[in-house]
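The values are calculated or read from the model by the stated rules, or taken from the named source; none is laboratory data. Note that the structure is predicted; figures quoted are calculated from it, not measured. We place every Cβ from the backbone using ideal geometry, glycine too, and count neighbours over all the protein chains shown.
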């Protein structure tokens, strides 16, 4: 934004003061409008509780990144994260504590993300991290780093009692025929398999290209949890 260089005596001159008042009023309207538009755009793309992308913005960013990955031929992986026993946290410790857990997780994910990564809240206690340029090996390393960091979170409830938080993570690596919906579904199924495996762990979705008929086997009660 341009800055006005004003003579120190301008404010003492009535005519100059009137001119400055007109300029301020003329600039004030567009400036306020620009700030309102910026705030509206931020509200439309940001999850208010966690401060990271909401689902709508996440899907738009994923679509762009997926197109780039296909166009330039670089790998991309998607992590689906879910807070373990989140319903129990809400029921036993209260919804305020549940919100605190989600907010802390959002901050943690944002702090660990690279500039090229996409981080967003998928909904409820589920989060998505898109790792641009990351093959399966890199995605595993990133997922384990996140899992261990969450495990080490120091949170306490209103009674100053510690609250243990863990997450289950599913990984899906982008393949040639994957749409965004398919990629998310594969990561989601892998995440539920991580829960079926005992939670607080990472599972990689099997490659569609290398699949030999083995599917992720998730007990029905886990899917309904």
- request: Please tell me if residue 189 is closer than 16 Å to residue 82 by Cβ, in the same structural domain as residue 76 (by TED's automatic domain parsing) and either assigned to a helix (DSSP H, G or I) or modelled with pLDDT under 95 (or both).
  value: yes
task: Scan 208, 182 and give me the residue that is over 24 Å from residue 106 (Cβ atoms), part of a helix (DSSP H, G or I), without any contact (Cβ under 8 Å) to a residue 40 or more places away in the chain and in the same structural domain as residue 97 (by TED's automatic domain parsing).
output: 182
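For (1) farther than 30 Å from residue 135 by Cα; (2) modelled with pLDDT of 95 or more; (3) assigned by TED's automatic domain parsing to the domain that holds residue 200; (4) out of contact with any helix residue (DSSP H, G or I) (no Cβ under 7 Å at 6 or more places or on another chain), each residue gets a yes or a no:
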position: 32; (1), (2), (3), (4): yes, no, no, yes
position: 36; (1), (2), (3), (4): yes, no, no, yes
position: 41; (1), (2), (3), (4): yes, no, no, yes
position: 83; (1), (2), (3), (4): no, yes, yes, no
position: 87; (1), (2), (3), (4): yes, yes, yes, yes
position: 105; (1), (2), (3), (4): no, yes, yes, no
- prompt: With 76, 53 as the choices, which residue is farther than 26 Å from residue 206 by Cα, in contact (Cβ under 8 Å) with a residue 60 or more places away in the chain and either outside the structural domain of residue 130 (by TED's automatic domain parsing) or surrounded by 15 or more Cβ atoms within 10 Å (Cβ to Cβ) (or both)?
  reply: 53
field: Residue identified as out of contact with any strand residue (DSSP E or B) (no Cβ under 7 Å at 6 or more places or on another chain) and under 22 Å from residue 207 (Cβ atoms) among 114, 71
entry: 71
- line: Being assigned by TED's automatic domain parsing to the domain that holds residue 194 and not in a helix (DSSP H, G or I) narrows 92, 128 down to just 128
- prompt: Of everything in segment 128-145 that's crowded, with 24+ Cβ neighbours inside 10 Å and free of Cβ contacts under 8 Å to residues at least 60 places away in the same chain, which residue is farthest from residue 54 (Cα to Cα)?
  reply: 134
